[in-house]
1. Could you tell me which residue of segment 14-64 is nearest to Asp84 (Cα to Cα), considering only residues that are in contact with a Gly (Cβ under 9 Å, 6 or more places away or on another chain) and in a helix (DSSP H, G or I)?
2. Working only within segment 235-262, note down all residues that are exposed (fewer than 13 other Cβ atoms within 10 Å of the Cβ), modelled with pLDDT under 90 and among the hydrophobic types (A, V, I, L, M, F, W, C).
3. Residue check, Ala114 against (1) in contact (Cβ under 8 Å) with a residue 40 or more places away in the chain; (2) in contact with a Lys or Arg (Cβ under 7 Å, 6 or more places away or on another chain), all met but one. Which one?
4. Restricting segment 46-94 to residues that are over 18 Å from the mean Cα position of the chain (by Cα) and of a type in the set (Phe, Trp, Tyr), which is nearest to Lys34 (Cα to Cα)?
5. So which of Ala122, Ala141, Ala99, Ala106 is in contact with a strand residue (DSSP E or B) (Cβ under 8 Å, 6 or more places away or on another chain), farther than 20 Å from Leu222 by Cα and surrounded by fewer than 24 Cβ atoms within 10 Å (Cβ to Cβ)?
6. Restricting segment 65-96 to residues that are β-branched (Val, Ile, Thr) and in a strand (DSSP E or B), which is surrounded by the fewest Cβ atoms within 10 Å (Cβ to Cβ)?
7. Could you please give the count of residues in segment 12-52 that are of a type in the set (Lys, Arg) and surrounded by 17 or more Cβ atoms within 10 Å (Cβ to Cβ)?
Amino acid sequence: MKAFVVTHYGPDGLEEAEIPAPSVGRHDVLVDVKAASINPLDKMVRNGEFKQLLPYKRPFPLGHDVAGVITRVGPDVRDFKVGDEIYARPRDLRIGTFAEAIAIDADDVAIKPATLSFDEAAAVPLVALAAWQALVELAEAQPGQKILVHAGAGGLGSTVIQLAKHLGAYVATTAHTRDADKVRTLGADEVVDYTTTDFTDVVSGYDVVLDSLGAASLEKSLTVLKPGGLAISVVGPPDPAFAGQLGRPVLKPLMALLSRKVRSRAKRLGVRYSFFFMRADGAQLTTLATLYDKGTLRPVLDRTFAFGETLDAMAYVEQGKANGKIVITR
């Protein structure tokens with residue numbers, strides 16, 4: 001079958017190739033891929049940024065989000081059948097949605113929201129799971145809390161804004177001038193135009209900050225939290241808890257060293273820091289599907305590319321042109 005595979009780590013490491021059809025385990029479903037979307041994580045995995053933590057055997061197909069139709073089920077699968085329309089974020093070390101088909105552990109799969117097209121459904125699994133796990137599980141967000149979301153017009157930020165509002169929070173976000181109306185429509189109560197204003201000049205006393213921009217933004221974000229507030233970063237540095245999530249406690253000293261500076265600064269300021277890396281979870285996707293079907297959440301797409309244009313789609317994302325999720329269709 002056709003797939004886009006990582007042959008070597010680096011910006012030019014993704015290539016179109018013919019690979020064997022996936023084998024289907026006892027607890028797997030085989031999915032005919034109708035659509036997949038691109039996430040920053042795809043670039044990071046392609047470039048080898050997680051090669052020490054996620055030891056993929058090259059060549060391997062890339063892609064973390066999928067929507068499609070089940071064409072085969074393993075003998076131990078009870079909750080799905082051939083013909084079901086599903087969406088999923090396959091678990092780490094079993095990714096590969098930039099392909100004609102993929103075998104996925106049934107625990108990672110959920111029935112696609114009925115109100116979403118395949119293109120729309122493919123845009124949401126990773127960002128929806130990340131938003132849910134960051135706000136509900138990690139931050140334990142409560143009604144009335146103040147939450148700052150960086151890059152609110154992006155795929156993750158736009159989803160976090162919507163979920164935070166659903167949870168009853170007051171939401172501020174940073175965005176470009178051109179995206180101010182867009183993020184307000186998504187539910188942002190306060191919009192900081194980062195082209196004209198430093199968010200630290202106008203934002204303070206927040207319970208939670210979710211950062212997806214990097215070290216400079218994260219360091220400043222610590223200063224706008226109230227005592228005991230929590231800064232969550234999806235781009236690092238990893239902290240010791242992440243080693244536990246990976247099931248590799250031997251890495252805790254290394255991750256403690258990598259995050260020592262930001263954790264020390266947070267402690268001096270009387271706030272908390274946590275690195276966040278989402279996990280696959282079909283049960284949570286089932287819950288989230290209900291929110292999409294009710295209209296509480298909605299996908300934010302920029303444009304679609306044909307499957308054969310996957311390399312062009314990746315380039316489009318890396319050039320910073322995307323204003324929402326980029327979806328690859330078959």
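1. Applying the filter and picking the extreme gives Asp42.
2. The one that is exposed (fewer than 13 other Cβ atoms within 10 Å of the Cβ), modelled with pLDDT under 90 and among the hydrophobic types (A, V, I, L, M, F, W, C): Val250.
3. The single condition Ala114 does not satisfy is (2).
4. Step by step, filter segment 46-94, then rank; the result is Phe80.
5. Working: Ala122 fails: surrounded by fewer than 24 Cβ atoms within 10 Å (Cβ to Cβ); Ala141 fails: farther than 20 Å from Leu222 by Cα; Ala99 fails: surrounded by fewer than 24 Cβ atoms within 10 Å (Cβ to Cβ).
Going through Ala122, Ala141, Ala99, Ala106 in turn, the sole match is Ala106.
6. Across segment 65-96, the extreme among qualifying residues is Thr71.
7. So the answer is 2.
Okay, residues lined up against (1) modelled with pLDDT of 95 or more; (2) of a type in the set (Asp, Glu); (3) under 20 Å from Glu318 (Cβ atoms):
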{"site": "Pro11", "(1), (2), (3)": "yes, no, yes"}
{"site": "Glu16", "(1), (2), (3)": "yes, yes, yes"}
{"site": "His27", "(1), (2), (3)": "yes, no, no"}
{"site": "Phe50", "(1), (2), (3)": "no, no, yes"}
{"site": "Leu53", "(1), (2), (3)": "no, no, no"}
{"site": "Leu62", "(1), (2), (3)": "yes, no, yes"}
{"site": "Val66", "(1), (2), (3)": "yes, no, no"}
{"site": "Ala101", "(1), (2), (3)": "yes, no, no"}
{"site": "Ala114", "(1), (2), (3)": "yes, no, no"}
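The values are calculated or read from the model by the stated rules, or taken from the named source; none is laboratory data. Here the structure is a predicted model, which is why all the values come from computation and not from measurement. Using ideal geometry, Cβ is built from the backbone for each residue, glycine included, and neighbour counts are taken over all protein chains shown.
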